[in-house]
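One structure is given here, and the rest of the page talks about it.
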Amino acid sequence: MRLLVLEHPLPGHGEAEYAPHLKAEAERAWELHQAGVIRELYFRGDREEAVLILECDSAAHCRSVLDTMPLVRAGLIEFEIIQLVPYRGFVRLFAHG
């Protein structure tokens, strides 16, 4: 199952609190990418927040994977998980009537 994941920083934290975790965050993201769990990884163009595409068995599995990220464990960010389903709109092109 494909899932769109949006990072949201938790309020009340400054840049200095993030810095000690950033290398470990990148290392964990690399491990998950190499394992085929993180399929795509971006930063938003309008702010410094990650956007990920994950391949997981379920939203619960996705949540358990994201909970291993150092910035989540440090209580600095949270993730919004959106389950993706195949686009079915093309059927309109071939519908009769």
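FYI, it's all coordinate maths here, none of it is from the lab. Since the model is a prediction, treat every value here as computed from it, not as a measurement. All Cβ positions, even for glycine, are placed from backbone atoms using ideal geometry, and neighbour counts span all protein chains on display.
Here are the numbers for this structure:
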read-out	value
Helix axis angle, 22-34 relative to the chain longest principal axis, alpha carbon, degrees	30
Residue exposure sequence - H61, H8, H21 - by fewest surrounding Cβ within 10 Å	H8, H61, H21
Leading residue at positive end of dipole, region 2-94 (Cβ point charges), from A24, V91, M69	V91
Relative contact order, percent, region 10-77 [alpha-carbon distance under 8 Å, six or more residues apart]	34
Surrounding net charge for L22, when Lys and Arg each add one and Asp and Glu each subtract one, Cβ distance under 12 Å	-3
Loop-located trypsin sites (Lys or Arg not before Pro) in the chain, at most 15 other Cβ atoms within 10 Å (DSSP)	R44, R47, R88
Region 1-48 and region 57-97: distance between their alpha carbon centers, rounded to Å	15
